[in-house]
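Single-structure report; data block below.
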Amino acid sequence: MTKIYDVIVIGAGPGGMTATLYASRANLSVLMLDRGIYGGQMNNTAEVENYTGYSSILGPDLGQKMYDSAMRFGAEFTYGNVERIDDNGRLKHVVTDAGEYDTKTVIIATGAQHRKLNVPGEEEYNGRGVSYCAVCDGNFFKNQTVAVIGGGDSAIEEGLYLANLAKDVIVIHRRDQLRAQKILQKRAFANDKMHFIWNAQVEKIVGDEHGVTGVHYRDKVTAEQHTLPVDGVFIYVGLQAMNDAFKNLHICNDQGWALTDANMATSHPGIYAIGDIRADSFRQITTAVGDGGKAGQEVFNYIQSLDEDITTE
Ligand code: FAD
Ligand code: NAP
């Protein structure tokens, strides 16, 4: 007989891992699925210093600690790129590229992914000087010059990480003010290796057979065109919702983020959404973790309320 899980958690970022911890500790059968390694966006984060309990911890290390605690109570974790969730009422059917599963509840924790800048050269030099992950690729640019595009927390925090490695880090921002938290701004302005080009729209990334050689941008005030010679380009221009897995459920707003109530419930009974994928998420590790704890408890309450005639194995 096909196994029917109590809970399938889709996504093994901080939200999904916390939901897995709570639900499995409540003695529910839990399967957590991810199409990559556990850790989510934390794998692309150099240093986390705003997660309670740690003055500073590397993103991948925090991911490993969360995974270890999430798996302590018997949950299963397996690879699967989720392609569809069918809501068949009291049972949900989850379709992945590696298998199909039945479950009483689903917690969607698919998070977000970096947005592309969509300029010529971005695709061509991706992996040959263009990167979206300082912690993964920063080491290739030791004592070299890199551009960071964007002005939010990611651009400035990861720019500061790159400043430990590179000769110079040039932040190119489309406005004359950063969006990043003030504490990050203060550090960036005080760092001799960090430089800023304001009101600049990047229009092209240029290179040769060896990789990136420069960034072509337009000064939005003077309309002048410039080419800045750099060895690498790190792009941090915001996030896009990872909603491929559940488009068929029609639970997203116009921007693609999932709508839930305060209990993380979507409009489909038994299907919850947590963390960055939620429309009104603050998009932090702490908030993803908080959502995960809440949903882990809510699935327990929901399952208790179901009639007991669904066979669990
Ligand atoms: P995610 O971490 O995005 O994880 C989602 C998971 O779902 C991924 O593993 C993905 O592979 C998986 N997935 C997606 N779609 C599917 C599918 N169809 N099938 C199977 N699996 C799927 N926050 C802080 O609080 N402090 C920081 O210092 C900090 N630094 C950051 C630095 C950077 C560069 C970035 C990008 C973000 C940073 N953040 C930081 C934000 C923080 O990482 C996120 O808010 C948090 O990771 C969101 O957690 P999540 O569980 O909602 O989703
Ligand atoms: P973000 O906050 O959306 O910032 C994106 C930046 O890119 C903005 O400065 C934006 O400019 C710029 N931008 C957007 N589209 C652009 C384009 N087409 N061309 C040029 N520039 C463009 O994204 P993020 O920095 O990745 O942060 C995402 C979430 O993760 C946030 O909630 C953030 O707080 C969180 N995060 C937290 C931490 C931390 O707590 N330490 C670290 C990283 C990320 P404008 O400013 O003009 O809009």
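Taking the conditions exactly as written (away from ligand 2 (no atom under 16 Å from the Cβ) and either open to solvent by 70 Å² or more (accessible area, probe 1.4 Å) or touching a Gly at 6+ places or on another chain (Cβ under 8 Å) (or both)), does D97 satisfy them or not?
yes
Does R175 meet the test of being within 15 Å of ligand 1 (Cβ to nearest atom) and open to solvent by 10 Å² or more (accessible area, probe 1.4 Å)?
Details: within 15 Å of ligand 1 (Cβ to nearest atom): no; open to solvent by 10 Å² or more (accessible area, probe 1.4 Å): yes.
Against the criterion (within 15 Å of ligand 1 (Cβ to nearest atom) and open to solvent by 10 Å² or more (accessible area, probe 1.4 Å)), R175 does not qualify.
Kindly indicate the residue of region 244-263 that is touching a residue at least 40 places away in the same chain (Cβ under 8 Å) and closer than 24 Å to D6 by Cβ and also most open to solvent (accessible area, probe 1.4 Å) among those meeting that condition.
Step one: filter region 244-263 for residues touching a residue at least 40 places away in the same chain (Cβ under 8 Å), giving 244-246, 248-249, 258.
Imposing the further condition that a residue be closer than 24 Å to D6 by Cβ reduces the set to 245-246, 248-249, 258.
Values: A245: 9, F246: 1, N248: 66, L249: 11, A258: 1 Å².
Residue satisfying both the conditions and the ranking: N248.
Matching residues to (1) open to solvent by 10 Å² or more (accessible area, probe 1.4 Å); (2) touching a Gly at 6+ places or on another chain (Cβ under 7 Å); (3) under 16 Å from A109 (Cα atoms):
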{"position": "Y5", "(1), (2), (3)": "yes, no, no"}
{"position": "V9", "(1), (2), (3)": "no, yes, yes"}
{"position": "G16", "(1), (2), (3)": "no, yes, yes"}
{"position": "L33", "(1), (2), (3)": "no, yes, yes"}
{"position": "M42", "(1), (2), (3)": "no, yes, yes"}
{"position": "N50", "(1), (2), (3)": "yes, no, no"}
{"position": "D68", "(1), (2), (3)": "yes, no, no"}
{"position": "R84", "(1), (2), (3)": "yes, no, yes"}
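Answer yes or no: is there a residue in region 299-311 that is assigned to a loop (DSSP other than H, G, I, E, B), within 16 Å of ligand 1 (Cβ to nearest atom) and open to solvent by less than 40 Å² (accessible area, probe 1.4 Å).
no
Let's see how each residue does on (1) more than 15 Å from ligand 1 (Cβ to nearest atom); (2) assigned to a strand (DSSP E or B); (3) without any contact (Cβ under 8 Å) to a residue 40 or more places away in the chain; (4) open to solvent by 40 Å² or more (accessible area, probe 1.4 Å):
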residue: D137; (1), (2), (3), (4): no, no, no, yes
residue: G159; (1), (2), (3), (4): no, no, no, no
residue: L165; (1), (2), (3), (4): yes, no, yes, no
residue: A180; (1), (2), (3), (4): no, no, yes, no
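Need the failing condition index for G39 against (1) away from ligand 2 (no atom under 16 Å from the Cβ); (2) under 24 Å from N243 (Cα atoms); (3) of a type outside the set (F, W, Y); (4) touching a Phe, Trp or Tyr at 6+ places or on another chain (Cβ under 8 Å), just the number.
(1)
So that you can scan it fast, the table gives a plain yes or no per residue for (1) assigned to a helix (DSSP H, G or I); (2) at pLDDT 95 or above:
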site: D254; (1), (2): no, yes
site: A262; (1), (2): no, yes
site: R283; (1), (2): no, no
site: T287; (1), (2): yes, yes
site: Q297; (1), (2): yes, yes
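The values are calculated or read from the model by the stated rules, or taken from the named source; none is laboratory data. As the structure is a prediction and not an experimental result, all values here were calculated from the model. Glycine also receives a Cβ, built like all others from the backbone with ideal geometry; neighbour counts cover every protein chain displayed. Each accessible area value is taken on the protein alone, full model and side chains, heavy atoms only, with ligands, DNA and RNA left out. Shrake-Rupley method; radii C 1.70, N 1.55, O 1.52, S 1.80 Å.
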